[in-house]
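Data first, discussion second: the structure below is written as structure tokens.
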Amino acid sequence: MWSRSSRKATGTVIRKDRVRDLKRLSMHIAHLWHQLQQSFWFVPGLITIGAAVLSQITLELDETLPWHDYNGLGWIYTGSGEGAGILLSAIVGSMITATSITFSMTLVALTLTASQYGPRLLQNFMRRPGSQIVLGTFLATFTFSLLVLRSVQINGDAVVVPHLSVTVAIGLALTSVAVLIFFIHHIAKAIQADTIIGQVYADLLASIDRMFPEQIGQGGSTHGDHQPVRIVLDEASLRRYVREGVPVRSSSTGYLQAVDADGLLELATEQNLVVLLHRRPGHFIVQNQLIATLSPSHGDTNESSLRVCDLLILGQERTSEQDVEFAILQLVEVAVRALSPGINDPHTAMRCLDWLGAALCRISGRCLPDHQRYDPQGNIRVIAERASLDGLVDVAFHQIRQTSAGKPALLIRLLESLASIIAQAQDRSMLEALHRHADMVLREGRRSVSEQCDQADIERQYRDSLALLRHQEERLRLGSSPFC
């Protein structure tokens, strides 16, 4: 027989496994919820199911309550069964027509958005709640009326008229008319450049707020005033971990969409490991590619490798769930397409530069997540790949600068955006990146702009930006340390 201590240890292991499985399940549920929010069918499906449930409730009330005895309820339908059948049939037919019109207009808007602003913006358009609610309202009215229509019975003297249900169907039909008017306004505004750029910027801000200050480097909370001394990893130790560790290779192909940072920390603490994560959300991973290293190489490394793969979610497309660069690239894509010869819309590109500058100003005041993650005892457990401030600046401005050759107005606006970020930057590496981009804009202006007055304007804006950058560097040198 097992001893009491053995049974207790076994029970502890089982509880830990259950907790780990629940955490893993919660991560996948959170990722599934994010994917459902990106879909076009989820909200209309919920509204349609609600309409089906409502029809059963109203039909049940019609069977139990004698509505014809309530003379004071003038708003209840009091017509004949034949009239109710005709009315419900008309609502069902009109809702199918309205749904077809809505679907056709949505497809036209999606085609225009994909061709002019880029196919990656389709998911932003599809998850707009206005279009989903409109489609859901039409489908709900159709479903409700159809389910009520089957309950209307006309057979000689046996007439069954669901008065309350018919009344609700009429109310839903009137609501659908109002929603159709709203949809025409909504679809006309949704394809405007300012609306699309504003929506992409809102998604970018949501991604920034979700990732910063939520940090992958602040693992393991400690309570009280005494914090454990954390070991700072040097380059020699990092190379030793990579050399002596066990490689973890991907079991599938796709874009890395999400990483369960808490799960990685718990796995490393439980197995007394250091997990080096070589890829981050947004990277494309090929099957059998090296994605992590487990060090030291002891214990059941095969099981640990499988658990690491389970904590990484891969998909067919990049998402902004944990990928700030992808949200920035969406604004960049709108700007680059606007500067293409087929569209030639520099004003849209200028608006994108304004919003990119605002987003990077917001990032400049945040603390980037630490790439090292510790357990409660201060031992390093996870070393993650992360985005850098200078890398985000490169992602935001490289392509736009390259496509702005020969366009002085855009080059000047680019320098103005850099200046607005310089005024709020609190990190020296970010200031160095901004300085580098200002120099590249100046060289591009001298190379591609032939008009001397335009060159003078570019150089004047460059000098203003450079003076502001020197002032910011001096302020940091005199004691205003960076956030990170």
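The values are calculated or read from the model by the stated rules, or taken from the named source; none is laboratory data. If you're wondering where the values come from, they're calculated on a predicted model, not measured in any experiment. So basically every Cβ, Gly included, is an ideal-geometry build from the backbone, and we count neighbours across all protein chains shown.
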**Request:** May I ask you to verify whether ASN379 is at pLDDT below 90, closer than 20 Å to ASP454 by Cα, out of contact with any His (no Cβ under 6 Å at 6 or more places or on another chain) and of a type in the set (S, T, N, Q)?
**Result:** no
**Asked** Out of all the residues in region 421-439, which are part of a helix (DSSP H, G or I) and surrounded by fewer than 19 Cβ atoms within 10 Å (Cβ to Cβ)?
**Response** ARG428, SER429, GLU432, HIS435, ARG436, ASP439
**Message:** With the requirement that a residue be in contact with a Ser or Thr (Cβ under 6 Å, 6 or more places away or on another chain) and either farther than 16 Å from HIS398 by Cα or assigned to a loop (DSSP other than H, G, I, E, B) (or both), what does region 317-360 give you?
**Reply:** SER320, VAL324, LEU339
**Test set (1) more than 17 Å from ASP323 (Cα to Cα); (2) touching a strand residue (DSSP E or B) at 6+ places or on another chain (Cβ under 8 Å); (3) among the charged types (D, E, K, R) - ASP260 fails condition number** = (1)
**Request:** List every residue pair whose Cβ atoms sit under 6 Å apart, with the two residues 6 or more apart in sequence or on different chains, where the first one lies in region 39-65 and is touching a residue at least 60 places away in the same chain (Cβ under 8 Å) and the second, anywhere, is among the β-branched types (Val, Ile, Thr).
**Result:** THR48/THR143; ALA51/THR143; ALA52/THR143; SER55/VAL148; THR58/VAL168
**Message:** Looking at region 237-253, I want the residues that are touching a residue at least 60 places away in the same chain (Cβ under 8 Å) and have a partner that is among the aromatic types (Phe, Trp, Tyr) with Cβ atoms under 9 Å, at least 6 apart or on another chain. Which pairs are those?
**Reply:** THR253/PHE284
**Request:** Report yes if LEU414 is touching a residue at least 24 places away in the same chain (Cβ under 8 Å) and surrounded by 20 or more Cβ atoms within 10 Å (Cβ to Cβ), otherwise no.
**Result:** yes
